[in-house]
Every structure is written in C-alpha cells, then in structure tokens.
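To start, the structure under review is shown below, and the notes come after it.
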Amino acid sequence: MPSGDELIELIRAVAQTRDRSAFAVLFKHFAPRVKAYLVRAGTLSELAEELAQETMVTVWRKAVSFDPARAQVSTWVFTIARNLRVDALRRQHGVRGDDGISAEPHPDADLLAHAVPDAPAPDERLAGARREAAVRQALRQLAPEQLQILWLSFYDAQSHARIATELNLPLGTVKSRIRLAVGHLRRLLQGEEP
Amino acid sequence: MIAHHPSDELLLGAAAGTLDVGAAIVVGAHLEGCARCRASVHAFESAGGAMLESIEPALMAPEALARRARISQVAGWPRQRPPKPSACIFVRSSGPRLPS
C-alpha cells in the first residue's frame, strides 16, 4: 500500500506530467476503496462502480488543484467521492421537502448539496497538514469499537437504525456510542483547533 | 453573533455527507461564518480519509470500462491506447485490473 507521501508524489506526477502509470497506481489503490465506501454507504453496486470511476476521473482532472498542505490524498479523494455521492442522491430523489420527496430536483440543488464550503481561508489551509497528523494520531488512540462506530457513522448517519441492526444493539446505545466516539475524538483533538 | 454551534454529530454528518438537505443548508450557513466549526468538519473529513484507507477494498466490476466511451469524453482524459494495455488499467478493453 502506498504511503501518504508516495500518494502525494503520484498526484504530483499526474498533475505535472499527466503520468498515466502514476494514475494507474492511484486508480488501483483508491477505486476499490471508494467503491467499498459507497456500497457501505448504501449506494447500489452498479452506481457505486460508476461513482468510483467518476471519482477517479475527477482525481485525474483536478490533480493540479490538489494541495498537500491542506489535506492528505486520501482525505481529498474521500471528499470528492462524498460530494459525488451527495449529488447522485439529490439527482435520484430530488430535494426532500417538508412533504416528502419532490418529483423534480430543487432548482438550487447544486448550491444546497454540500454543507461544507469548498475554499478554505488561507490560515485554515496552512493548518491542514497539522490537522491531518493530529486526527490520525487521535484515531490511533480510539478503542477499536469506538473506531468501528465512527466508521459506521460515515456510511449512513441517517440510518443509525441500520447500524443498530448491524451491531445487534439498541438504537439508543448506538446513538450514545456515536456521541461518545465523536466526543472522544474531539477531546483528543483539543488544542489543535482554534 | 453565533449563539449556538451545531452538535458534533451534525458536523460529522456534514463531513460524511449524510445530512438531509434541510440540515445541510443550516449547517452550511453556519460553517460559512464559523471557523471553529469548519475546523471540526475538516478534522472529521480527515477521519473520512483515514476511513477510506482502512476500508476493505471492493472488487471493481470487469465490465465497468464499458463506460469508457463516456469517460474518454472528459476533457484531458487520455484517449489513445498505450502500447502495453496491461500497463494501464483504465484503458483495457477487458476492464480494469482487479486489485491483487
């Protein structure tokens, strides 16, 4: 498995020289992981396949905009896949209104789709690499079951019920464990945030 | 100006992309003006990157590259077949090489 630094070098090779063999390594590493994430997040296998391909196309196209000071490659790829998943869900269902699911996508769906603003302030950009290291350090200190519940909450937080079924736990227990895991991560990160 | 910060659970939902549209709008509007919560979301995104690294990879379907025609229309995507197709997994007519 390529290291974080190796991944950065591969992205750089794609960005600067359109290096196909570097891209092939990135594809082989990330596409099956992105697909696995999307399937775990409830995306049907065929669409997950397509979105994983689309994620990698985006990596190819936007490699030049990747900024290693801001995030690790895996974090960048995750946010690309996440945004494509959110867009696909919005396209599929339209935007859910108060009365349920509308037939047509909301005219502002593109604007509303992503909760996280794209461009960070300059000071936030510089904090990126430090944050990546702090988060990974904190994650190593989480108990395996807390890590498991944290990962599950990435797959589909709307359906904690499904997590409860998967872990054979009462729903309330799942919710409180997610809060505990997130709170633990937050405490471990304290001092790293403004 | 900001009286209430979204809960960690909501910020995690924003990073994971699992919020419904209403919540995404509210959290997104808050994030525009709150560097502290943006930092939290970015930290959760980093956790998402770590999740991607640790997940058990799925097999890519052999027929997936049937969509190559569409993909090759993407601006800047390499169009021509390389000399050794096996060296380049994304243009093989038989599909991508499965992870070993």
Against the definition (over 25 Å from residue A:19 (Cα atoms) and among the β-branched types (Val, Ile, Thr)), how does residue A:86 come out, yes or no? yes
Can you tell which of A:87, A:67 is closer than 30 Å to residue A:127 by Cβ, part of a helix (DSSP H, G or I), more than 8 Å from chain B (Cβ to nearest Cβ) and modelled with pLDDT under 95? A:87
Restricting attention to region A:130-151, does a residue exist that is at pLDDT below 80 and more than 7 Å from chain B (Cβ to nearest Cβ)? no
Of the residues in region B:1-15, how many are farther than 21 Å from residue A:88 by Cα, within 7 Å of chain A (Cβ to nearest Cβ) and either crowded, with 21+ Cβ neighbours inside 10 Å or touching a Gly at 6+ places or on another chain (Cβ under 7 Å) (or both)? 1
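Restricting attention to region A:7-23, which residues are within 8 Å of chain B (Cβ to nearest Cβ) and buried (at least 20 other Cβ atoms within 10 Å of the Cβ)?
Here is the first cut: in region A:7-23, the residues within 8 Å of chain B (Cβ to nearest Cβ) are A:18, A:20-21, A:23.
A:23, the sole residue that qualifies.
Inspect all residues belonging to region A:20-41 and state whether any of them is within 15 Å of residue B:55 (Cα to Cα) and in a loop (DSSP other than H, G, I, E, B). Give the derivation first.
The first filter runs over region A:20-41 and keeps only residues within 15 Å of residue B:55 (Cα to Cα), leaving A:28-41.
Remaining after also requiring in a loop (DSSP other than H, G, I, E, B): A:41.
Among the residues of region A:20-41, at least one is within 15 Å of residue B:55 (Cα to Cα) and in a loop (DSSP other than H, G, I, E, B), which makes the answer yes.
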Residue within region B:78-95 that is of a type outside the set (Gly, Ala, Ser) and at pLDDT 90 or above present: no
Select from region B:16-44 the residues that are among the small types (Gly, Ala, Ser) and more than 7 Å from every other protein chain (Cβ to nearest Cβ) and write down the one among them that is surrounded by the most Cβ atoms within 10 Å (Cβ to Cβ). B:23
Scan (1) touching a helix residue (DSSP H, G or I) at 6+ places or on another chain (Cβ under 9 Å); (2) surrounded by fewer than 17 Cβ atoms within 10 Å (Cβ to Cβ); (3) without any contact (Cβ under 8 Å) to a residue 12 or more places away in the chain; (4) at the interface with another protein chain (Cβ under 10 Å from one of its Cβ atoms) for the single condition residue A:50 breaks and write down its number. (2)
Name every residue in region A:163-187 that is away from chain B (no Cβ under 11 Å) and either in contact (Cβ under 8 Å) with a residue 12 or more places away in the chain or within 18 Å of the chain's Cα centre (by Cα) (or both), in order of residue number. A:163, A:166, A:167, A:174, A:177
So residue B:66 passes all but one of these: (1) at pLDDT 85 or above; (2) in a helix (DSSP H, G or I). Which condition number does it fail? (1)
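Which residues, taken from region B:1-51, are part of a helix (DSSP H, G or I) and either of a type in the set (Asp, Glu) or touching a Cys at 6+ places or on another chain (Cβ under 7 Å) (or both)?
Scanning region B:1-51 gives B:8, B:9, B:11, B:30, B:31, B:32, B:45.
The values are calculated or read from the model by the stated rules, or taken from the named source; none is laboratory data. Since the model is a prediction, treat every value here as computed from it, not as a measurement. Glycine also receives a Cβ, built like all others from the backbone with ideal geometry; neighbour counts cover every protein chain displayed.
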